[in-house]
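Reviewing the structure listed below.
The values are calculated or read from the model by the stated rules, or taken from the named source; none is laboratory data. In this text the structure is predicted, and so the values were computed from the model without any measurement. FYI the Cβ positions are ideal-geometry reconstructions off the backbone, even for glycines, and counts take in every protein chain you see. Calculation scope for accessible area: heavy atoms of the full protein, side chains included, ligands and nucleic acids excluded. Shrake-Rupley method; radii C 1.70, N 1.55, O 1.52, S 1.80 Å.
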There are 2 protein chains.
Amino acid sequence: MLENWNRPQRPEEAELEERLKAANERLAGQQMMIKERGLPVLVLFEGWGTAGKGSVLGKVIRNIDPRFFKVAAMDVPTQEERRKPFLYRHFVKIPEAGKFMFLDSGWMDEVTGECLDGTLKEKDYKKKVESIKRFERQLTDNGYLVMKFFFHISQKEQKKRIDALKSDKNTSWRVGEKDSWQNRHYDKCLSVFDRYLNDTNLPAAPWYIIDAKSRKWAQLQVLETLASGIDTALKNSAMAVPLLQNVFPLERMPKLDEIDLDKAVTQEEYRAELDRLQERLGHLHNKLYRKKVPVIIAYEGWDAAGKGGNIKRITEALDPRGFEVHPIASPEPHEKARHYLWRFWNRLPKTGHIAVFDRTWYGRVMVERLEGFCRENDWQRAYNEINEFERELADWGAVIIKFWVQIDKDTQLARFNERQNTPAKQWKITEEDWRNREKWDLYEGAVNEMLQKTNTTYAPWHILESNDKRYARLKALRIVIESIEKALD
Amino acid sequence: MLENWNRPQRPEEAELEERLKAANERLAGQQMMIKERGLPVLVLFEGWGTAGKGSVLGKVIRNIDPRFFKVAAMDVPTQEERRKPFLYRHFVKIPEAGKFMFLDSGWMDEVTGECLDGTLKEKDYKKKVESIKRFERQLTDNGYLVMKFFFHISQKEQKKRIDALKSDKNTSWRVGEKDSWQNRHYDKCLSVFDRYLNDTNLPAAPWYIIDAKSRKWAQLQVLETLASGIDTALKNSAMAVPLLQNVFPLERMPKLDEIDLDKAVTQEEYRAELDRLQERLGHLHNKLYRKKVPVIIAYEGWDAAGKGGNIKRITEALDPRGFEVHPIASPEPHEKARHYLWRFWNRLPKTGHIAVFDRTWYGRVMVERLEGFCRENDWQRAYNEINEFERELADWGAVIIKFWVQIDKDTQLARFNERQNTPAKQWKITEEDWRNREKWDLYEGAVNEMLQKTNTTYAPWHILESNDKRYARLKALRIVIESIEKALD
């Protein structure tokens, strides 16, 4: 894109001023529409060092009410961020509905930087580009407007700017070693940048190359392009997008009605095994902490299936400094206002830690599907989005264990009644539980589809037969132990 | 995609039959919705030789009323087709609104075939992939559903089929030399196919890989995917899509009000020059016929600007066997039902021929824009679509000459009045001409924007100052001559 780039014509000064005024007003006028329509807008500023990204950004946001935008400047990843998946620190920054997020460089800068300093191998570059394309596609598929600007200046212009900044004591600090390095290796950088721009130039999130030779002109290009992008996005609402074919390795799962629920253990067997397995797990926890392997354990299952007690038997075995349990209820307003996976990206463990999710991102294809909290196209698309999400986690090195805690309908009724009739347990049963129970068959259909479509080899489902809770607990412990052992090998 | 492909699980026979029945019924039910909503559906069948594309295609169309679909089997290009741009024979086959077009292999087969027989250089492969991505994007941007299936079988399976077909006298004719060649060079083909699938896997027109080991199972996959794609497409109507940044080399054009219209020639000068120039052009016409250079001359301009007379002075000079004039009025219903560029693709000259368009594809950004015949997003997108269209023509080797025939408002009024008052000329003036005249200022704004945004170096605009028609005619002849001479050099 850069190599065949055609510099746009800078208008005469008078026209430029006039258009600048018009564009500023247009953007100022659009913000209320964005708010009303709940459009989330992510704006990326990438480009050459000293190209003036920061100063143009400063001008652009003057048109927007400070309550409606955030700006983040991307630096090298912190120690903490290095212990999360590559996309983590980017995904958590996505704006909420009706608001802007401006990023002064982001994932492009990170990836091209690694290409240039030689730390990213060709194979890993391709993988990261694939991750980025999926990330951006997930955003636009979910109604985000993603505007990507690349600030372009020539080698000569960059040199001139660096020299000018350096010659003044008050500004010399603004020239980073990276800027000078770029200038000395301009052609090499150009070809790395160009390749990245070509590789990630998605029709739904295209690149716009900004002629950054003059600041005011750059500002005009950004403002006009941004306003045009917003206009287009405001014309659409809730688009349906094509469902992509599964590209992940899947394994067949049994249907729920094929599961034998008669499995049970005696009290003595249970006690002895529980102690033995918990000790083993505690030992493994230390090991994976030292080896910095992150573990994600996801629990889904029927109401009253025994998830809570099952989780407890896992966490009892763990060092409390190395795990976290995330009970997942309906999303908070600030969570609902973002991509549905955002709140899970936000809760990822650090390397070496264990995160247990009591209900998960699979809510999208169960409760959200059946209660109509999202559109058909949304939950149909979600199987692939979730497989992509878990693929990112697996590529990062995470052990992913997904449990479906299964009971039959009679067992649920018995447990509901017991809760209802036991004062100390009454808090555990609500009207909603009874309502959900009425939709058992619909849920069963949704669960079967979910298990079929998301049982990937890298993030497999396991059925916990939980008519006998003790059996289910021992089985869960064994699976967690086996999975961690396999990963530590 | 093929190399990491995960074969989907074939269901048990009973389930397969049941789903097949359901999918057939679903598709049969969808056709009326497609008709009502005017959705055009383009379905591509690509894949290995003997993978069963044809037989599955035969089954799929059984569900559709024959009035609602067409099937085309793509063969090697004919002599006639070889004298058109690469995309021509594909573009002209796009379906009309509310109908299906099924292609039994198409542009993929053509491109990968050329890769495999070594006739396509790396640079040209990349160019063709870019053309194809633009073509498919233009279709989906314009509301087409594009479904792309790749029928996949293993080398062993292919061999088995070829042997079985060959062993029977009644079927041996069905094994082409190409099938056997593919089988002998399976790995090489696999990597060429895989690269192409990756390169053209657009989110809005993704590839679906069909496990073609069993015909019935392949049929089910196609039917279910097709029905799902149709469902998604039916959910949307008239989406706005992001406007892409111009990537073509543009040159500045004067605004209409900057044009000096006082230019004129005397009658004697005109006569002498006209003869001289027409003779020269006639001579060049023979030359470009022999050198097989196609020429496209596009006329736009105000009503009564003198387009007709101007065109006449060009064509008078030409051998009638080697040119065609296309007067462009409002589109016919079958033209309106397709991508707006379709009727122009259909009218492209053969190599060595000249096509003169009296009004053109630029109607999209003038009359269609101003009369509201298309949406804002449609005409805004059209500048880029047109630049892409002309880029294809230029890459094919065409000389493209675009004339804007300019007069001032007073001259138009005088000519209108003259037409009105001259019985022999009254047919030339209509109510519509008067109505358009009232919108002069709006048209002027649209024309200025059009000239700015589509004055590419490879398909430049030329202003013909036509207050003096004779001046304009001589200028047109000179520009045509110069442009052809440059191309013949």
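Nearest-to-axis residue in chain B, judged by Cβ distance to the rotation axis that brings B onto A and given in whole Å, is B:Met239, 3. Mean sequence separation of contacting Cα pairs (under 8 Å, at least six apart), scaled by the length of chain B, corresponds to a relative contact order of 19 percent. Here are some pairs, A:Lys99/A:Lys148; B:Lys70/B:Lys159; A:Lys35/A:Lys148; which of them have Cα atoms lying more than 25 Å apart in this structure? Pairs exceeding 25 Å: B:Lys70/B:Lys159. The Stokes-Einstein estimate for region A:1-127, based on a Kirkwood radius over Cα pairs and taken at 20 °C with 1.002 mPa s viscosity, is a diffusion coefficient of 125 µm²/s.
Its alpha carbons give region A:399-489 an Rg and a Dmax of 15.9, 49 Å.
Could you check how many percent of all C-alpha pairs in region B:118-253 are farther apart than 22 Å? Within region B:118-253, distances greater than 22 Å cover 57 percent of Cα pairs. One decimal, nm, shortest first: give the distances between the label point of A:Thr315 and those of the same position in the other copies, each label point 7 Å from Cα along Cα→Cβ. Here the equivalent label points are 8.4 nm apart from this one.
Between B:Ala414 and A:Ala28, the modelled labels are 4.8 nm apart [label points 7 Å from Cα along Cα→Cβ].
Estimated at the nearest 10 Å², the accessible area of B:Glu388 is 10 Å² with a 1.4 Å probe. Under 18 Å from a label point 7 Å along Cα→Cβ of B:Glu449: give me every residue in region B:232-251 with its amide N that close. The answer is B:240-247. Taking all protein chains together and a 1.4 Å probe, the residues A:Val92, A:Val76 rank A:Val76, A:Val92 from largest to smallest accessible area.
Heavy-atom accessible area for B:Trp396, with the other protein chains in place and a 1.4 Å probe, reaches approximately 50 Å². On the accessible surface of region B:301-372, probed at 1.4 Å, how many percent belong to carbon and sulfur atoms? Carbon plus sulfur share of accessible area: 48 percent. Counting only heavy atoms of the protein chains and using a 1.4 Å probe, A:Phe69 has close to 40 Å² of accessible surface. Report, in degrees rounded to the nearest 10, the 0 to 90 angle that the Cα long axis of helix A:440-454 makes with the longest principal axis of chain A. For A:440-454 against chain A, the angle is about 60 degrees.
Structure shown: which of A:Lys84/A:Lys188; A:Lys160/A:Lys188; A:Lys126/A:Lys336; A:Lys287/A:Lys307; A:Lys21/A:Lys133 lie over 24 Å apart, alpha-carbon to alpha-carbon? From the list (A:Lys84/A:Lys188; A:Lys160/A:Lys188; A:Lys126/A:Lys336; A:Lys287/A:Lys307; A:Lys21/A:Lys133), the Cα-Cα distance tops 24 Å for A:Lys84/A:Lys188; A:Lys126/A:Lys336; A:Lys287/A:Lys307; A:Lys21/A:Lys133. Rounded to the nearest 5, the antiparallel percentage of DSSP beta bridges internal to the protein assembly as shown is 5%. Of the residues in region B:183-209, those shielded by at least 20 Å² of accessible area once partner protein chains are present, compared with the chain alone at a 1.4 Å probe, are B:Pro203, B:Pro206, B:Tyr208, B:Ile209.
Placing a label point 7 Å from the Cα of A:Glu371 along the Cα-to-Cβ line, the residues of region A:418-432 whose backbone N sits under 20 Å from it are A:427-432.
Along its first, second and third principal axes, ordered by size, chain A spans 85, 46, 39 Å in Cα coordinates.
The longest part of chain A holding none of the exposed loop trypsin sites (Lys or Arg not before Pro), meaning those outside H, G, I, E and B in DSSP with at most 11 other Cβ atoms within 10 Å, is A:253-489.
Shown for B:Glu269: label points 7 Å from Cα along the beta-carbon vector, and their distances to the equivalent points in the other copies, 10.9 nm in ascending order.
With the label put 7 angstrom out from Cα along the Cα-to-Cβ vector, A:Arg375 ends up 1.2 nm from the copy partners, going from closest to farthest. Taking label points 7 Å from Cα along the Cα-to-Cβ direction, A:Asn421 and A:Lys160 give a separation of 8.8 nm. Each Cα pair under 8 Å and six or more residues apart adds its separation to the average, and for region A:80-201 the resulting relative contact order is 25 percent. The A and B chains share an interface that buries close to 2600 Å² of accessible area, total over both sides, probe 1.4 Å. For chain A, DSSP calls about 5 percent of its internal beta bridges antiparallel. Figure legend: label point modelled 7 angstrom from the Cα of A:Glu438 along Cα→Cβ; no residues of region A:324-353 have amide N under 11 Å from it.
The long axis of helix A:155-166 is offset from the longest Cα principal axis of chain A by roughly 90 degrees. Split the accessible area of region B:176-250 by element, probe 1.4 Å, and carbon with sulfur accounts for 55%. Per Stokes-Einstein, at 20 °C and 1.002 mPa s, what whole-number D in µm² s⁻¹ belongs to the protein assembly as shown, with the Kirkwood radius over Cα pairs as the hydrodynamic radius? For the chosen part, D equals 66 µm²/s.
For region B:103-144, the ratio of Cα radius of gyration to the globular rule of thumb 2.2 N^0.38 Å stands at 1.29. The residues of the protein assembly as shown have, on average, 45 Å² of accessible surface per residue, using a 1.4 Å probe with all protein chains present. Treating each Cα of region B:96-181 as an identical point scatterer and summing with the Debye formula, the log10 of I(q)/I(0) at q = 0.19, 0.25 Å⁻¹ comes to -1.02, -1.23. Helix B:409-421 sits at what angle to the longest principal axis of chain B, using alpha carbons and giving 0 to 90 degrees rounded to 10? The helix B:409-421 is inclined about 90 degrees to chain B. With the dipole of the protein assembly as shown worked out from charges on the C-beta (+1 for Lys and Arg, -1 for Asp and Glu) around the Cα centre, which of A:Leu202, B:Ser237, A:Asn436 lies farthest toward the positive end? It is A:Leu202, whose Cα lies furthest towards the positive end.
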